[in-house]
Amino acid sequence: MVIAPSILSANFANLEKDIHVVEAGKVSYLHVDVMDGHFVPNITFGPSVVAAIRKVTKLTLDCHLMIENPENLIPEFAKAGGDILTIHVESTRHIFRALQLIHDNGAKAGIVLNPGTSLEAIKPVLSLVDQVLVMTVNPGFGGQKFIPEMVKKVADLKQIRDAGGYQFDIEVDGGINDKTIKLCSDAGANVFVAGSYVYGVDDPVKQIKTLENAVK
Ligand code: DX5
Ligand code: ZN
């Protein structure tokens with residue numbers, strides 16, 4: 001299992017420091033939320049910030065691209081050092097091509113669904129992806145409440161993966177805390193994004209340990 005702290009809840013004026021803080025918690029992933037103000041009603045940062053982050057950490061950069069037509073920027077995010085580029089099935093008319101483009105640029109490819117999008121929408125591309133991200137809040141903001149209906153979606157996805165002999169990781173993102181992580185883990189998720197739960201307190205390392213212990 002992997003905990004992926006989301007720097008959306010970090011201090012943007014002290015990103016390097018806040019990245020080293022979670023490194024001390026021995027995580028292997030850093031979740032990087034890219035928002036364009038179109039696909040979601042919020043703006044964060046682009047490839048230049050990802051490149052700057054790449055220079056200060058060896059953590060796997062798990063880039064969650066909440067942007068319209070991600071194919072326009074996939075080469076830039078790969079060049080910037082994104083290890084996993086996860087794109088929304090709702091964000092492009094050409095999802096197959098966009099996922100191929102991620103692999104062509106040497107990154108791992110993830111697909112993500114909004115809470116209101118059915119698993120049917122991603123079935124045609126499951127053989128192509130390294131990771132499926134199930135949004136457990138509406139994308140755009142940190143600190144929202146976990147949507148409990150998504151637990152069944154994770155369980156259904158796990159069943160589809162096992163029946164189809166696929167290998168992808170199942171990631172959840174949004175409202176993850178010491179209670180919801182267990183629900184998602186029991187349903188089959190193995191990568192857990194946590195933003196406000198990790199960064200919203202004085203001791204992020206302790207929070208990471210609490211999350212790990214909750215699914216042991
Ligand atoms: C929301 C982002 C999440 C966000 C999660 O659109 O995709 O990664 O950082 O934040 P929390 O863990 O606070 O719900
Ligand atoms: Zn995210």
Problem - When residues of the range 26-58 are limited to those that are in contact with an Asp or Glu (Cβ under 7 Å, 6 or more places away or on another chain) and away from ligand 1 (no atom under 15 Å from the Cβ), the one farthest from Asn11 (Cα to Cα) - result: Pro47
Problem - Qualifying position, being more than 20 Å from Pro70 (Cβ to Cβ), of a type in the set (A, V, I, L, M, F, W, C) and at pLDDT 95 or above, among Ala109, Ala155, Ala121 - result: Ala155
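Yes/no per residue for (1) within 15 Å of ligand 1 (Cβ to nearest atom); (2) assigned to a helix (DSSP H, G or I); (3) farther than 29 Å from Ile43 by Cα:
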site: Gly110; (1), (2), (3): yes, no, no
site: Lys123; (1), (2), (3): no, yes, yes
site: Val154; (1), (2), (3): no, yes, no
site: Asp162; (1), (2), (3): no, yes, yes
site: Ile181; (1), (2), (3): yes, yes, no
site: Lys209; (1), (2), (3): no, yes, yes
Practice task
Give the residue, chosen from Ala13, Ala51, Ala98, Ala78, that is assigned to a helix (DSSP H, G or I), over 16 Å from the mean Cα position of the chain (by Cα) and crowded, with 20+ Cβ neighbours inside 10 Å.
Solution key: Ala98
Exercise for the section: Determine which single condition Ile84 fails, assuming it passes every other condition in (1) of a type in the set (A, V, I, L, M); (2) crowded, with 18+ Cβ neighbours inside 10 Å; (3) free of Cβ contacts under 8 Å to residues at least 40 places away in the same chain. Expected result: (3)
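The values are calculated or read from the model by the stated rules, or taken from the named source; none is laboratory data. Owing to the predicted nature of the structure, the values given are computational and were not obtained by experimental measurement. Counting neighbours? That spans all protein chains shown, and the Cβs are built from the backbone with ideal geometry, glycine included.
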